[in-house]
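Working notes, structure below.
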Amino acid sequence: MMMLPARPPHFLPEVFGDDCNEWVADRFVRDGTVPGKKNPGIRAVVPFGGGYTMCPGRHFATNEIFSFVATIFRNFDITFCDPSQREVRPKTEWPTLTGLPPDGDVFVTIRLRK
């Protein structure tokens, strides 16, 4: 089996703009009129490979992830333990084959909704 890291193509300045190494929450909704601030479009994100090597279970996996996240948010109340903490950014300098860890400690309270 051969695995290639999926992260490097997602940080190309010519596709994602000058801020490709920064967390930009609205990257895919900006209009692209500001120089260096591109909107790469959703087709630029290829977590399951591309071409004839695409993962045959990618649609199932994506639906499972969406279902899991929706179920968590529907059934639980999640709040920060420290109310002054308002955002969490990913640690983008790490090479990874999976998700990125947060850039610091994140403490949350999770309670079952009534």
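Data overview
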read-out	value
Per-pair calculated FRET efficiency, R0 = 30 Å: ARG30 and LYS114 via Cβ, rounded to 0.05	0.15
Using a Förster distance of 35 Å, the FRET efficiency for ARG86-MET54 (Cβ separation, nearest 0.05)	0.40
For the range 56-114, fraction of C-alpha pairs farther apart than 15 Å, in %	68 percent
Highest average packing first - 16-28, 73-85, Cβ atoms within 10 Å	16-28, 73-85
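Rule-based calculations on the coordinates, nothing more; no lab input. This structure is a prediction, so every number in the text was calculated from the model and none was measured. With ideal geometry, Cβ positions are generated from the backbone for all residues, glycine too; neighbour counts draw on all protein chains shown.
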